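Just below is one structure, and these are the notes that go with it.
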Amino acid sequence: MALRPVQLNIKAVNQSVVARFWAAALGWSILHEGVTTYVGPPGDFIWPDPRTVGIDVVPVPSAKTPAKNRVHLDLATTSATHQKELIARLQSLGAVPVDVGQKNVPWTVLADPEGNEFCVLEPRDTYQNTGPIAAVVIDCTDPQSMAHFWGEAIDWPVHETTDNTATLRAPQGTGPYLEFLRVPIPKTAPDRIHLDLMPYPTDDKATEVSRLHSLGATDLDLGQGNVPWTCLTDPDGHEFCVLASP
């Protein structure tokens, strides 16, 4: 039994602006517009996409707080020229440079039109086959514990660990990495960005939610009422949802 990450949920005051930015930034398309706006690789609308993690932009009334998001995207590049050109293109789309204390590093930190931070990485061999999203990065107080929980939840093996990081990758070697980065400050506010998971067609959602509870997940009441998805938090307090199969 396992769950599959199907999309990254991004909250936005101006749903269409954020969706258009990320579609243009990644070279993807807006594939579905409704209550939420789904952005994914160009072509026919396939959900969940078997190749990667899509982006679902969800309208909310409140703007992002000044605090740095604890979940962000790292974007891949193939050369120094590509990195420079991508940064320039992203800024022309509305991204702005931000200082999150990164100091002198080979990557560039930007924020989307609503202030959601992301990184444009220097070219790294590790990320040459991920697609435009190199990694989904989650700040946490214990990367190894988080890697254990999420590895069991989605059945992704641990790719690499250090004292301050842990990295998972889908066993088939496709799509972005899932990375956990140690930070000294515990989580204190709701995430602006979170992962949505889904059972495989042969698995039962209620059984999977029960399994997550046994791994350390906690139920989360956001006032969502009677909805087909289940809201949970992981052992570090990060929100995520388990969606019903289509």
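The values are calculated or read from the model by the stated rules, or taken from the named source; none is laboratory data. As the structure is a computational prediction, the values presented were derived from the model and not from experiment. Here the Cβ is made from the backbone with ideal geometry for all residues, glycine too, and neighbour counts use every protein chain on show. For accessibility, only protein heavy atoms count, side chains too; no ligands or nucleic acids. Shrake-Rupley method; radii C 1.70, N 1.55, O 1.52, S 1.80 Å.
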* Asked: Percent of alpha carbon pairs in the range 1-143 separated by more than 19 Å?
  -> 53
* For the range 105-235: accessible area per residue (Å², 1.4 Å) -> 46
* Structure fact -> the chain: Kirkwood hydrodynamic radius (Cα pairs, Å) comes out at 18.4
* Can you find, among Thr207, Pro106, Gln91, the residue farthest towards the positive end of the dipole of the chain? Put +1 on the C-beta of Lys and Arg, -1 on that of Asp and Glu. => Gln91
* To do: Considering only protein heavy atoms, with the full assembly of protein chains and a 1.4 angstrom probe, order Lys11, Lys103 by accessible area, largest first.
  => Lys103, Lys11
* Structure fact -> Cross-link reach from Lys187 to aspartates and glutamates, straight Cα distance under 18 Å and at least 8 residues apart if same chain, gives Glu117, Asp139, Asp142, Glu179, Asp219, Asp221, Asp234, Asp236, Glu239
* Within the chain: Cβ-based charge dipole about Cα centre, in debye rounded to nearest 20 (Lys, Arg +1; Asp, Glu -1) -> 540
* Structure fact -> The summed charge of the Pro41 Cβ neighbourhood (under 15 Å; Lys/Arg +1, Asp/Glu -1) stands at -2
* Asked: Can you pull the percent of Cα pairs in the range 134-185 with separation above 17 Å?
  -> 25
* **Solvent-accessible ranking of Trp229, Trp156, Trp107, largest area first, probe 1.4 Å** => Trp229, Trp107, Trp156
* Asked: Once all Cα-Cα distances of the range 106-246 are split into 10 Å bins that start at 0, what whole-number percent is in each one?
  -> 10, 37, 38, 14, 1
* Hey, could you get me the Stokes-Einstein D for the range 163-214, Kirkwood radius over alpha-carbon pairs, 25 °C and 0.890 mPa s, rounded to whole µm² s⁻¹? => 172
* Structure fact -> Excluding ligands, DNA and RNA, the carbon-plus-sulfur percentage of the accessible area of the chain with a 1.4 Å probe reads 55
* Can you pick out the pairs among Lys11/Lys205; Lys11/Lys84; Lys64/Lys84; Lys11/Lys64 whose Cα atoms lie more than 18 Å from each other? -> Lys11/Lys205; Lys11/Lys84; Lys64/Lys84
* Asked: Per residue, how many Å² of accessible area does the range 1-79 show with a 1.4 Å probe?
  -> 42
